[in-house]
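Reviewing the structure listed below.
The values are calculated or read from the model by the stated rules, or taken from the named source; none is laboratory data. Remember, it's a predicted structure, so these values are computed and weren't measured experimentally. Methodologically, a virtual Cβ is constructed for each residue, glycine included, from the backbone with ideal geometry; neighbour enumeration extends over all protein chains shown.
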Amino acid sequence: MKNVSMDAKMDFLRQAEKAMADRVTAAEMDGIMKALNDVLEGYDMQAVRFMDDGKDDLLECYLDAMRVQNRSEKTLARYEYMIRRLMAHVKVPTRRIMVYHIRNFLSAEKERGLKDTSLESMRQIYSAYFNWLQRESLIEKNPCSNLGAIKCAKKEKKTYTKADIELLTQECRTVRDKAIIHFLASTGCRISEMTGLNRDQVDLEKLECVVHGKGNKDRKVFMNEVAGLFLTWYLNQRKDDNPALFLGRGGVRLEPNGVRVMMKELQKRTGIDHVHPHKFRRTLATMLIAHGMPIQEVASILGHEKLDTTMKYVVLDKTSVKHDYRKYA
């Protein structure tokens, strides 16, 4: 055809040759390029150029892909927020971001007082983003490929003791709060999983329920008799028809932030360090492992796909480790 763009054709052939350079022999390359040249003779081609006009659609492509993979909207909002902060700082389109842009941004955030753990979390988000773009052939190279992990000081993680749970229970001012403490302690639920439950989803006879967790997945969790008892007392004293398992102020469904506020008040009254919902998950994982439950089953209860994630929750009892060393060494 007469309207064939030679520039577009040659650009396509150069890119094709570059892509196959390490995969085929020289003789095979000649044959392939001749065949491509013959095929393209019958087509009208136009070069498509991406303009640096301030618009950046790659982030939307990434978020759409993650949404298809059932990432939660909360997670997607965090990804978008972190990536847009990077883009606002570097002031160049995604395709032109280099490793020094990211290093400069992380350095600025460190000077601003951000903790190393937060910086590492940001680095992981950026690495995943650019890695996806590279796999999709939307960029040639992941600028984070040479950006090493940020070393973070490892703090000793703590769990609640039985005495802590007892003290927290005593300082609760309502039956609802006592039910929350023991529900979290016995099920290991995430705070959002607990607040998302409805009354009819909990079987108080079997002491179990099905929660909707991360990755849009349901899983069965179990509670002990104490948690079942407090939960029964709480539900029996309610006169409303709200389906939510736990209610906050105004008779509406209790939100995660409401649980956090309650925990902070308990921390002040009890003097226990770091009273927060997620600590119950770590406590349950540690207790179950210490009592001999297989880690695969613990992972199932916590809703972890990888055993490595579960192990990060387990806090080893140093006294027990010393005892076992003396026993087996």
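Suppose we keep only residues that are of a type in the set (Val, Ile, Thr) and under 21 Å from the mean Cα position of the chain (by Cα) within segment 287-299. Which one would you say is farthest from Asp273 (Cα to Cα)? Working first, answer last.
Going residue by residue through segment 287-299, those that are of a type in the set (Val, Ile, Thr) are 289, 295, 298.
Still in the running and under 21 Å from the mean Cα position of the chain (by Cα): 295, 298.
On the way: Ile295: 27, Val298: 25 Å.
Top of the filtered list is Ile295.
Considering only segment 9-53, state which residues are of a type outside the set (D, E, K, R), within 22 Å of Ile139 (Cα to Cα) and at pLDDT 70 or above.
The answer is Met10, Phe12, Leu13, Gln15, Ala16, Ala19, Met20, Ala21.
Going by the structure shown, is Thr169 touching a Lys or Arg at 6+ places or on another chain (Cβ under 9 Å), of a type in the set (Ser, Thr, Tyr), part of a helix (DSSP H, G or I) and closer than 30 Å to Gly271 by Cβ? Give the derivation first.
Working: touching a Lys or Arg at 6+ places or on another chain (Cβ under 9 Å): yes; of a type in the set (Ser, Thr, Tyr): yes; part of a helix (DSSP H, G or I): yes; closer than 30 Å to Gly271 by Cβ: yes.
Spelling it out, Thr169 is indeed touching a Lys or Arg at 6+ places or on another chain (Cβ under 9 Å), of a type in the set (Ser, Thr, Tyr), part of a helix (DSSP H, G or I) and closer than 30 Å to Gly271 by Cβ.
Go through segment 125-145 and count every residue that is closer than 15 Å to Val99 by Cβ and either part of a loop (DSSP other than H, G, I, E, B) or not aromatic (Phe, Trp, Tyr) (or both). I'd like the intermediate steps shown before the answer.
Quick first cut of segment 125-145, residues closer than 15 Å to Val99 by Cβ only: 126-127, 129-131, 133-134, 139-145.
Of the ones still in play, those that are also either part of a loop (DSSP other than H, G, I, E, B) or not aromatic (Phe, Trp, Tyr) (or both) are 127, 131, 133-134, 139-145.
Qualifying residue count for the region: 11.
Can you confirm whether Phe183 is modelled with pLDDT of 95 or more and under 17 Å from Leu288 (Cα atoms)?
Details: modelled with pLDDT of 95 or more: yes; under 17 Å from Leu288 (Cα atoms): yes.
It is true that Phe183 is modelled with pLDDT of 95 or more and under 17 Å from Leu288 (Cα atoms).
Please state which one of Ser72, Ser118 is on the phi < 0 side of the Ramachandran plot, touching a residue at least 24 places away in the same chain (Cβ under 8 Å) and within 23 Å of the chain's Cα centre (by Cα).
Numbers: Ser118 fails: touching a residue at least 24 places away in the same chain (Cβ under 8 Å).
Going through Ser72, Ser118 in turn, the sole match is Ser72.
Going through Leu229, Leu254 one at a time, which residue ends up being closer than 27 Å to Ile289 by Cα and not charged (D, E, K, R)? Lay out the reasoning, then the answer.
Details: Leu254 fails: closer than 27 Å to Ile289 by Cα.
Testing whether each residue is closer than 27 Å to Ile289 by Cα and not charged (D, E, K, R) leaves just Leu229.
Among the candidates Glu297, Glu205, which residue alone is over 15 Å from Glu193 (Cβ atoms) and in a helix (DSSP H, G or I)?
On the way: Glu205 fails: in a helix (DSSP H, G or I).
Matching residue, one of Glu297, Glu205: Glu297.
Among the numbered criteria (1) in a helix (DSSP H, G or I); (2) at pLDDT below 90; (3) not assigned by TED's automatic domain parsing to the domain that holds Ala77, which single criterion is violated by Lys151?
Of the numbered conditions (1) in a helix (DSSP H, G or I); (2) at pLDDT below 90; (3) not assigned by TED's automatic domain parsing to the domain that holds Ala77, the odd one out for Lys151 is (1).
With the checklist (1) in a helix (DSSP H, G or I); (2) closer than 19 Å to Thr174 by Cβ; (3) in contact (Cβ under 8 Å) with a residue 24 or more places away in the chain in hand, flag the one item Arg282 doesn't pass.
Only one criterion is unmet by Arg282, namely (2).
Determine whether segment 228-246 contains at least one residue that is surrounded by fewer than 15 Cβ atoms within 10 Å (Cβ to Cβ), within 32 Å of the chain's Cα centre (by Cα) and closer than 21 Å to Pro277 by Cα.
no
Can you spot a residue in segment 240-261 that is closer than 25 Å to Ser72 by Cβ, modelled with pLDDT of 90 or more, β-branched (Val, Ile, Thr) and not in a loop (DSSP other than H, G, I, E, B)? Before the answer, list the steps.
Start the filter on segment 240-261 by keeping residues that are closer than 25 Å to Ser72 by Cβ, which leaves 242-248, 252-261.
With the extra rule that they be modelled with pLDDT of 90 or more, the set shrinks to 242-248, 252-261.
Then drop every residue that is not β-branched (Val, Ile, Thr), which leaves 252, 259, 261.
Adding the requirement that they be not in a loop (DSSP other than H, G, I, E, B) leaves 259, 261.
Yes: one or more hits.
If Glu109 satisfies every condition in (1) under 20 Å from the mean Cα position of the chain (by Cα); (2) without any contact (Cβ under 8 Å) to a residue 40 or more places away in the chain; (3) surrounded by 14 or more Cβ atoms within 10 Å (Cβ to Cβ) but one, which is the exception?
So the condition that Glu109 fails would be (1).
I'm trying to understand the selection: among the residues of segment 285-294, which are crowded, with 19+ Cβ neighbours inside 10 Å and either among the small types (Gly, Ala, Ser) or outside any helix (DSSP H, G or I) (or both)?
Of everything in segment 285-294, just one residue is crowded, with 19+ Cβ neighbours inside 10 Å and either among the small types (Gly, Ala, Ser) or outside any helix (DSSP H, G or I) (or both), namely Ala285.
From the residues in segment 91-124 that are part of a helix (DSSP H, G or I) and aliphatic (A, V, I, L, M), which one is farthest from Lys155 (Cα to Cα)? If you could, list the steps in order and put the result at the bottom.
Filtering segment 91-124 down to residues part of a helix (DSSP H, G or I) leaves 94-96, 99-111, 116-124.
Going one step further and asking which of them are aliphatic (A, V, I, L, M), we end up with 99, 102, 106, 108, 119, 122.
Values: Val99: 29, Ile102: 27, Leu106: 22, Ala108: 24, Leu119: 16, Met122: 19 Å.
Across segment 91-124, the extreme among qualifying residues is Val99.
From Arg173, Arg219, which residue is surrounded by fewer than 18 Cβ atoms within 10 Å (Cβ to Cβ), more than 20 Å from the chain's Cα centre (by Cα) and not assigned by TED's automatic domain parsing to the domain that holds Arg71? It would help to see each step written out before you state the result.
Numbers: Arg219 fails: more than 20 Å from the chain's Cα centre (by Cα).
Answer to the check: Arg173.
Out of Glu205, Glu166, Glu140, which single residue is more than 22 Å from the chain's Cα centre (by Cα), under 21 Å from Leu288 (Cβ atoms) and not assigned by TED's automatic domain parsing to the domain that holds Arg96?
None of the other options fit; the residue is Glu166.
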